[in-house]
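The values are calculated or read from the model by the stated rules, or taken from the named source; none is laboratory data. Worth saying up front: this structure is predicted, and the values here are computed from it rather than measured. Every residue, glycine as well, gets a Cβ built from its backbone with ideal geometry; the counts of neighbours run over all protein chains shown.
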Amino acid sequence: MKYFIALIVLGILCSLSLGQKTDAPKPTEPASSKVGVFYYSFHPTDDIRCKRPPCPKYHVKRINSNEDKQLITDFTFESGVNKSHVVDAKPGTVVVYGYLISTKTLPPSTFLHVVRYYKELPHQVGSVERGSKYYSFKFSGIVCVTTPCPAYTAVELNTNNATNHFGILNSYANVTLFDNEWFNARIYDKEEHRLVATGYYTKEGYFQIESAFVHIPDPLTKCQPPAVAVCKPPNQVRIYTRDSNRCYVSDGCTESGACILSIPTCQPGYRLVGHPAGKFGCPAYYCDYEYLDVIPSPNK
């Protein structure tokens, strides 16, 4: 009789657990950043139907891997990561870096914890075809007397297969008012803020970037206000330059004068920014990617 009652109680508990909602687990950072933490692509599972919640929301696939895509219930996010930049993005335009975590509930669920993410820089429409492999870049450490020199290395994400090359070619040269100094600095930045890209090796020994994905937020650390130059108004105005992090730097003073009134436009996905610079303090314009942080304009 006691055995029969125990079976009934166990059956009730199991039925209750099957009907419970699975909460996202609290993430635990793997012991080593090199074990279990990978770059992933993803897309929503719009065609998935399930009898018992929680239903899987996304397919995820480890980049540069032959592994099959995997269903996950949802994402969880590191503190400070902008969730909407990931879940609201157009499929294929975001790369995430993180690790899988599973629940012990019935039914079991799998989540992808996002440590950081990268958003694709827009091109001119139809200008490129995305390659099949994703890379990051670093200096090879090779020093040459003559050029070209294989001073650079492309590293496949997740596999760490590395190939030296002579330099980077990129597909953003035709983007209106694109900030190449900023872009080049992101190629060889510190690891957590270094861009990732698809592309291929040319027969001449260079690496051709097709699509670049930049780490957000950018800049990685907040810009400091520029120094305030002592100018002599009304005939002088303060002027500025931008560094490779898009932070404003004082460039002293210049004589004021007439400027051309025309204002350029940026292609979709970019935001027009400007600051007083050069002769007469006329505006210098850039088209910054719309998801980059807005840097407050310096005082004129």
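Do you know which residues across region 91-120 are over 14 Å from residue 58 (Cα atoms), assigned to a strand (DSSP E or B) and among the hydrophobic types (A, V, I, L, M, F, W, C)?
Selection gives 101, 115.
Looking at 78, 67, which one is more than 18 Å from residue 215 (Cβ to Cβ) and touching a Lys or Arg at 6+ places or on another chain (Cβ under 8 Å)?
Selected residue: 67, the only one of 78, 67 that is more than 18 Å from residue 215 (Cβ to Cβ) and touching a Lys or Arg at 6+ places or on another chain (Cβ under 8 Å).
Taking region 163-177 on its own, how many of its residues are touching a helix residue (DSSP H, G or I) at 6+ places or on another chain (Cβ under 9 Å) and in contact (Cβ under 8 Å) with a residue 40 or more places away in the chain?
3
Tally up the residues in region 135-162 that are in a strand (DSSP E or B), in contact (Cβ under 8 Å) with a residue 40 or more places away in the chain, surrounded by fewer than 16 Cβ atoms within 10 Å (Cβ to Cβ) and over 20 Å from the mean Cα position of the chain (by Cα), please.
Number of matching residues: 1.
Among the strands (runs of 3 or more DSSP E) confined wholly to region 194-300, which include 2 or more residues that are in contact with a His (Cβ under 9 Å, 6 or more places away or on another chain) and of a type in the set (D, E, K, R)?
The strands (runs of 3 or more DSSP E) meeting that bar number zero.
Report, by residue number, each residue of region 207-225 that is under 18 Å from residue 140 (Cβ atoms) and either surrounded by fewer than 17 Cβ atoms within 10 Å (Cβ to Cβ) or in contact (Cβ under 8 Å) with a residue 60 or more places away in the chain (or both).
207
Between residues in region 178-200 that are buried (at least 20 other Cβ atoms within 10 Å of the Cβ) and residues that are of a type in the set (D, E, K, R) and part of a helix (DSSP H, G or I), which pairs lie under 7 Å by C-beta distance while being six or more apart or on different chains?
Listed pairs, sorted by first residue: 195/186.
If you check residue 173 against the conditions, is it of a type in the set (Gly, Ala, Ser) and under 21 Å from residue 291 (Cα atoms)?
So residue 173 fits the description; yes.
Between a first residue in region 71-90 that is over 23 Å from residue 290 (Cβ atoms) and a second residue that is basic (Lys, Arg) and surrounded by fewer than 18 Cβ atoms within 10 Å (Cβ to Cβ), which pairs have beta carbons less than 9 Å apart while being 6 or more apart in sequence or on different chains?
Matching pairs, first to second residue: 71/57; 72/57; 73/57; 74/57; 76/26.
Say we look at region 179-193 and pick out the residues that are part of a loop (DSSP other than H, G, I, E, B) and either touching an Asp or Glu at 6+ places or on another chain (Cβ under 9 Å) or basic (Lys, Arg) (or both); which of these is modelled with the highest pLDDT?
Out of the qualifying residues, it is 179.
Which residues, taken from region 220-279, are among the acidic types (Asp, Glu) and touching a helix residue (DSSP H, G or I) at 6+ places or on another chain (Cβ under 7 Å)?
None - no residue of region 220-279 is among the acidic types (Asp, Glu) and touching a helix residue (DSSP H, G or I) at 6+ places or on another chain (Cβ under 7 Å), so the list stays empty.
Quick check on residue 295: is it modelled with pLDDT under 90 and assigned by TED's automatic domain parsing to the domain that holds residue 236?
Judged against the criteria, residue 295 is not a match.
Quick one: in region 226-266, which of the residues that are surrounded by fewer than 17 Cβ atoms within 10 Å (Cβ to Cβ) and of a type in the set (Val, Ile, Thr) is farthest from the chain's Cα centre (by Cα)?
Selected residue: 230.
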